[in-house]
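Read through the structure below, which is laid out as structure tokens, and then see the notes.
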Amino acid sequence: CVIDPLAAAVALQNENDNSTLSAIALALRRLARDTNCAILVSHHTSKARREAEEHHAARGGSALTGAARWVMRVIQNGCDVSLLTVNIPKNSYGPPLPATPLKRLDSGALREIGNDHVHAARETLLRDVLRFIQSNPKIEVNPNAVRLNCSRATKSLCRAVNASHRQVLEIVRE
């Protein structure tokens, strides 16, 4: 059974209400038991935590992901909507699983891409960041400003290299 997305399937007055989310989780668990099937629930992340890789990045209260036995996160890599990373931050029945890079094909299908592609993209980003810094010697780029994504320099840099501030932060910290 697939519920996609949760917000369209249930009338939530307040997504932050953990008692309501707990009741929904309990009802879904009963449904799974009674029908002898797995329940897969699609739920959006909060805007503030959309790039986080933990299972509590979901929008609203934490009761839903707390009750889940398995949580998968699909994260867009920067501005490139064709590059995604899938990770399993919560896996109650097994070991943690490593992040898997994916590419969205023109058909919409997702295909796993190798780490070589990821490393090449990272090297390209590193070169682009260095080129930006060398071409703009008057602009100061520091990790704290990039982390907070608050300065004009950071925003200019991210636009110039077509990457999110989190991706640029990883490069700047190196």
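The values are calculated or read from the model by the stated rules, or taken from the named source; none is laboratory data. Keep in mind that what you see is a predicted model, and the values were worked out from it rather than measured. Here the Cβ positions follow ideal geometry from the backbone for every residue, glycine too, while neighbour counts run over all protein chains shown. These accessible areas exclude ligands, DNA and RNA; they are computed on the full protein's heavy atoms, side chains included. Shrake-Rupley method; radii C 1.70, N 1.55, O 1.52, S 1.80 Å.
Just to be sure I follow: if Rg is taken over the C-alpha atoms of the stretch 128-174 and Rh is the Kirkwood radius over the same atoms, what is Rg/Rh?
Working: Rg = 9.1 Å, Rh = 10.2 Å.
Over the Cα atoms of the stretch 128-174, Rg/Rh equals 0.89.
Report the Rg/Rh value for the chain, based on alpha-carbon coordinates and the Kirkwood definition of Rh. Mind showing how you got there, number by number?
Numbers: Rg = 19.4 Å, Rh = 18.5 Å.
That ratio is 1.05, to two decimals.
Give the calculated FRET efficiency between residue 70 and residue 155 to the nearest 0.05, with a Förster radius of 35 Å applied to their Cβ-Cβ distance. Write down the numbers at each step before the final one.
Working: r = 37 Å, r/R0 = 1.05.
Efficiency, rounded to the nearest 0.05: 0.45.
At 7 Å along the Cα-to-beta-carbon direction for both residue 45 and residue 170, put a label point, then send me their distance in nm to one decimal.
Going from the residue 45 label point to the residue 170 one covers 1.2 nm.
What's the ranking of 3-9, 131-137, 60-66 by average number of surrounding C-beta atoms within 10 Å, highest first?
Working: 3-9: 14.0, 131-137: 12.0, 60-66: 19.1.
Most protected by this proxy first, the peptides run 60-66, 3-9, 131-137.
Restricting to lysine pairs 8 or more places apart or on different chains, what number in the chain have Cα atoms under 30 Å apart?
Qualifying lysine pairs in the chain: 6.
Rounded to the nearest 0.05, what FRET efficiency is calculated for residue 97 and residue 32 with R0 set to 22 Å and r the Cβ-Cβ distance? Let's see the in-between values first.
On the way: r = 21 Å, r/R0 = 0.97.
Taking R0 as 22 Å, the efficiency between residue 97 and residue 32 is 0.55.
Using a 1.4 Å probe on the protein chains only, how many percent of the accessible area of the chain belongs to carbon and sulfur?
Working: 5840 of 11280 Å².
Of the solvent-accessible surface of the chain, carbon and sulfur hold 52 percent.
Tell me, what is the FRET efficiency for residue 120 and residue 13 to the nearest 0.05, using R0 = 45 angstrom and their Cβ-Cβ distance as r?
Working: r = 48 Å, r/R0 = 1.06.
Given R0 = 45 Å and the Cβ-Cβ separation, E is 0.40.
Gaussian network model of the chain, Cα springs within a sub-10 Å range: biggest mean-square fluctuation belongs to which of 14, 142, 36?
Its mean-square fluctuation being the largest, the pick is 36.
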